[in-house]
Structures are given as structure tokens and as C-alpha cells.
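The values are calculated or read from the model by the stated rules, or taken from the named source; none is laboratory data. Because the structure is a prediction, the values reported are computed rather than measured. Here the Cβ positions follow ideal geometry from the backbone for every residue, glycine too, while neighbour counts run over all protein chains shown.
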Amino acid sequence: MPTGFPARIRSASPSSQAGVAILATVGLLGLLIILLVIGFTSDLLRRNYKDRQTSAALAQAKEALIGYAANYRDTHPGQVFGYLPCPDMDGAGFGGEGGAEGSCGAKDVTAIGRLPWKTLGLPPLRDGDEECLWYAVSGNFKNNPQTNLMNWDTNGLIEVMAPDGVNFVAGGSGATAVPTVRAAAAIFAAGAILPGQDRSLATTNPPTTCGGNYNPANYLDTDAASGINNATATSAAANALSRYIAATNSDLTPATNDLFNDKLLVVTPNDIFAGRVEKRSDFFAALTDPPPVNGMLWQVASCVAQYGQTNAGGANDRRLPWAAPFATSNYGIAGNYDDGTGQYSGRLPYSINNSVPATNNTVFGSGILLSSGVCAALATPEFWQNWKEHVFYAVAEAYSPANTNIASQSNPCLAKECLTVDGVAGFAGVVIFAGLKQGGQSRNNDANPAYTSVDKGNPSNYLEGVNLTAIQQNVPSMSSPRSFSKAAGNDTLMCIAYDATVDPTCTRTQTAPPPNSCPGNGTSLAGYASGTTNNCLVGTKGVLPACQTLVNNISTNNCSCKKGAKDFVSPQCLRSLAGPKCQNAYASLTSCS
């Protein structure tokens, strides 16, 4: 060994070299672990951020759709609540991209496309992968073409399976299908592009804001385990079910052939009605309230009453039409609500072809109750069309088409059965609106999504207490007259009085009139106003006999609205109720005492 060098620096021992190598390796591994942890954490944070963005977009879209349905009547006067917009299917809807189609497919056929964000007053909502949302609307909740029964008992046509392909997210309980909880709409977040999809810009009406095209197959995916393809699951048949799936993301499943990253959120009928519409202060009023609201029940009662005022037998012939049977083959078809000879209790009739020949009615010759005379000027047809299964009707034997001697009877109730309401006897008819279904009631709980459910033909699924008992009695008896009540269950009831006028209080009878009939007569007369239209007008200047009777009653009783009543049927107010004089007359009638 050369001299002159300290022994301590000549060369490291083998054990020292090994130690250094181990330390270097450990350090390198530690660095790799730190980088992996940072990368994993970053990926996790990025995924969580994208998931939050997707969830927020879906939730915002759902809220806007519910609001659209709950406010539909406000934006579409004369219509009912509950309808949802069509999707944007090709960029050719109103307003271009983001605008709902004016019409989407055939009646009761579910439609799918992009969320109509512009129609909903939204920005172009995007999921975590920056894709705009997609949307399917149940065929019986879309606003054009409209279904025949849009109400709180309407079932959606959309089912959504859980990731296991067996249980339900919407449309069932566990693995059991339940029609009453099917969805009215489904909102899709398409996620990142997957192999086989083409999201290049459409050449026709290109969606330049959202990008891509309008082909669902380029956005929505197939779940390999269940075989459900969200892109093609939308049924093209009327009243048929569309079954989508909210499957597990493909990157979270071991299946190599499972390419799926759709995320779904549903809008249920309950979200629309129980969650929003039924909380509106004007919702039940539009269905049940008397003047000044003039709700549906008041209007249909007015139509029945007018029938009794226009028979060929003259002023004393106050016969009312027959009822329609409870059961029919399809509850959505208006023409199926046909009056039946001898049908004293049932549903409100639409067709009155059996009643008109029996009474030779001079106004309702068309054979349609809700399209003649005063009825044609009211908003009844649209509301009754959608709620017709909920409206029941009974006619007293004394005021039925079968009583051919009525014109010569000073009090028909002395010869034949008249109806009783809350102990007050002597009513010619009653109309009843059935409220929300109660525990144990089922109105459309079968697998068939069309309006053919046998549940609808059973009045026990609609009415309660004495109203249910009385409506099922179709053999009149003077010794045991049918007895109804305004306080049975959650039913709303109005009466047709002996003089063929509507009595919302059910207190004004021929045999036992109330001490002061001013409020009832004033309210009844005011009910002939529809905006600025006075439905007391007959021809060019005549006065409807029922209106004149009410004016006479008010004058005889020296009511506070006596002058208002005379002004209401004056030539000026018969032509239009727009002027101050006529508006003051109307106001006095609504506060008559």
C-alpha cells in the first residue's frame, strides 16, 4: 500500500457500502410512496369534485323541472298543473339549442333528448366531465301531446333499476315493481366519452353551446350485467314502460366489458304534486271553491243546474240528467262517461244522450253536458278532462228524467225521493269532488300504465263515510232517501237546489229555506261571471231564466245586493262586465247580506 495516506480514507468497507445502498433505496421508495399518495389523493379529490359538480347539476335540473310543472298553469292559462316540457331533441325547438320541442312524439309516448335548459330558464348545466345533461320525460307527463288524466293519481311511465339490476331506484320497492312510484322524468349525466361513442358536432342545428350531437347512443351507456341500454330503453309505444338503469361506474367494477358511466336522478309524481303543487294556495281552490274563485266543482255544478233550467217543460221542469256509471273500459276517454238511463248515482256524465231525449232539453241538444250553454264559456272542460275520475254525481228521483209529472208538482219531493245533506232534506242533486286518496284506497295500482285500472271503478277508492254509502245506492226510496255530508272524509260537496241553482252551502231547500238566503243567491248569481263575460246573457239581449230567478229572490228578500243584482242583468252588464258599474255589481253580489 502506498505510504502517506491515512488509513481512514483508503476505502470503504463492504458493509458501509451496503448500508448506503439500503438508505438510498428506502429513500427512493419513500419518495415513490409520497408521489403515489399525492397522485391518489389528487385523483380522489378530482373525482370528488367532478361528482359534486355532477350532483349539483342534476339537482338544479330536477328543481327546475318540478318548478316548471308546479307553475304550468301560470305560464299556460286555462291548463292544469303538472306538465313537464319536451326535451331538446334536435336543436329545432323554440329558441334553438336548449329549447324544448313544441311537440315530442305521439300521445302517451315517452321522449328522450337533451335537457331543455333554455326553456327551464337555466344555464347549460354540465356534469363533472363538462357534458350537458340529458332528459327523458314520461309520455303522460309531457306537455304536448297531452295525456287524458293529468292529476295527483297519474303514474309515471319510467322505471329506474338500481346498480344490481334487480332492485329499483324509481318504480318499485326493493325488487318489487310498484306502479304508483314510477318516475315522471329521468335526468342523465352522460359522463366522459366511452369507446364506440362519437361526440363530434352535428351538421344540422349544431349545438354549439353544449357541443356534440343529439344521438343518445353517443352519450348514454349499456350496463353489461343487466343488459339495459339507457340509449335505447325509451319505449316508442303509447303507455309502455321505459326502464333505465343507474348502474355502477365501469371503473369501479371488475367486469372488463362493462363500459358505463351514466348518472341518473328522477322526478316523481310525488315530487311534483305532494312536494309542490298541493302546497300552492290556489291549487285546491281551482278544483273545489265556489265564487269568486269559480273552481271546477262549482263550474260542473253550474252545468248540471243549467240543464235543469232549460228543459222543454217550462219553468217548473227542473229535471237533471242521469249519472254516468262508476266503471268504464278506459277512464281517460271523456266519451266513456256516458249517462245511463236509471243511473241515479255515479260519476258526472260527459255524454247525456239518454237524458236529452227524456227531457227534450232545448240547450243541450248536442248531447254533451260540458260544451253547451253556460258551460261552453267556463274553464270546466280542461279541468274536468284531467280530473273527471274524481267527480261524482247523484240525482234525486224527484228531479230525474224519469219523473215525467214534475211540471205539475209544486213540490216534487212530496211525491218522490229527494236527497238529504247533513240532515237537510229536499235537494235535487249533489256533485262531489273526491280528495286525496286515503289509507287503504288504490286508484291505479296495477301493472298496466294505461287508464284501465279496475281500481278506478270502485267508489270506495275515492269516497268515504256516508257519501260512499249513498253514492252506491241506485234504488231511490222516499222512506230512506240517500243522505250525503259535506264533512265525510276529505270529499268536497255542492248541492243543486230545488230551483236548479247551485247551493255551495247545501242549506237552501224548498221545504226548509234558511232565514236569510241573500248570501246564497248573491253567490249563485255572481257565479255566472267568467272574467268580463256574463253568462246570464241569452241570445243578444235576453236573460237566462235562472239568473232572473236569483235577481227576483234577492229583491224579494230586500238583500243588500238588490241594486247590484239588477245592474248585473242590465243590458250594459250583459254585454260585458268590464265597466265600473258592472264590476261594482259583481262585488256587491259576492258580499251580499
Residue, surrounded by the most Cβ atoms within 10 Å (Cβ to Cβ), within the range 267-319, restricted to residues that are among the polar types (S, T, N, Q) and closer than 25 Å to P77 by Cβ: S302
Can you find a residue in the range 540-549 that is surrounded by 22 or more Cβ atoms within 10 Å (Cβ to Cβ), in a helix (DSSP H, G or I) and at pLDDT 80 or above? yes
Yes or no: the range 405-419 includes at least one residue that is assigned to a strand (DSSP E or B) and modelled with pLDDT of 90 or more. yes
Which numbered condition H390 misses (of (1) surrounded by fewer than 21 Cβ atoms within 10 Å (Cβ to Cβ); (2) out of contact with any helix residue (DSSP H, G or I) (no Cβ under 7 Å at 6 or more places or on another chain); (3) not polar (S, T, N, Q)): (1)
Taking the residues in the range 327-356 that are touching a helix residue (DSSP H, G or I) at 6+ places or on another chain (Cβ under 7 Å) and of a type in the set (S, T, Y) as candidates, determine which candidate is surrounded by the fewest Cβ atoms within 10 Å (Cβ to Cβ). S329
Over 30 Å from S460 (Cβ atoms), assigned by TED's automatic domain parsing to the domain that holds L589 and under 29 Å from the mean Cα position of the chain (by Cα), is that true of A546? no
Does at least one position in the range 269-289 carry a residue that is in a loop (DSSP other than H, G, I, E, B), of a type outside the set (D, E, K, R) and more than 30 Å from V391 (Cα to Cα)? no
Counting only residues in the range 444-464 that are crowded, with 22+ Cβ neighbours inside 10 Å and in contact (Cβ under 8 Å) with a residue 60 or more places away in the chain, the one farthest from the chain's Cα centre (by Cα) is identified as L463
What tally of residues in the range 469-481 results from selecting those that are closer than 17 Å to P459 by Cβ and over 32 Å from the mean Cα position of the chain (by Cα)? 1
Kindly indicate whether any position in the range 495-506 is assigned by TED's automatic domain parsing to the domain that holds S593 and either under 30 Å from Q441 (Cβ atoms) or under 38 Å from the mean Cα position of the chain (by Cα) (or both). no
One residue is enough: does the range 222-233 have a residue meeting the conditions in contact (Cβ under 8 Å) with a residue 60 or more places away in the chain and either outside the structural domain of P124 (by TED's automatic domain parsing) or within 23 Å of M89 (Cα to Cα) (or both)? yes
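Scan D338, D317 and give me the residue that is without any contact (Cβ under 8 Å) to a residue 60 or more places away in the chain, of a type in the set (D, E, K, R) and more than 25 Å from S530 (Cβ to Cβ). Give the derivation first.
On the way: D317 fails: without any contact (Cβ under 8 Å) to a residue 60 or more places away in the chain.
Residue meeting the stated conditions: D338.
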Is there a residue in the range 552-564 that is closer than 30 Å to W322 by Cα, hydroxyl-bearing (S, T, Y) and in contact (Cβ under 8 Å) with a residue 12 or more places away in the chain? no
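When the residues of the range 258-280 are filtered to those that are of a type in the set (A, V, I, L, M) and within 11 Å of the chain's Cα centre (by Cα), which remaining residue is farthest from F81 (Cα to Cα)?
Looking at residues that are of a type in the set (A, V, I, L, M) and within 11 Å of the chain's Cα centre (by Cα), I get A274.
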Residue under question is L264, and the condition is that it be surrounded by fewer than 22 Cβ atoms within 10 Å (Cβ to Cβ), under 30 Å from V160 (Cβ atoms) and touching a strand residue (DSSP E or B) at 6+ places or on another chain (Cβ under 9 Å); does it hold? no
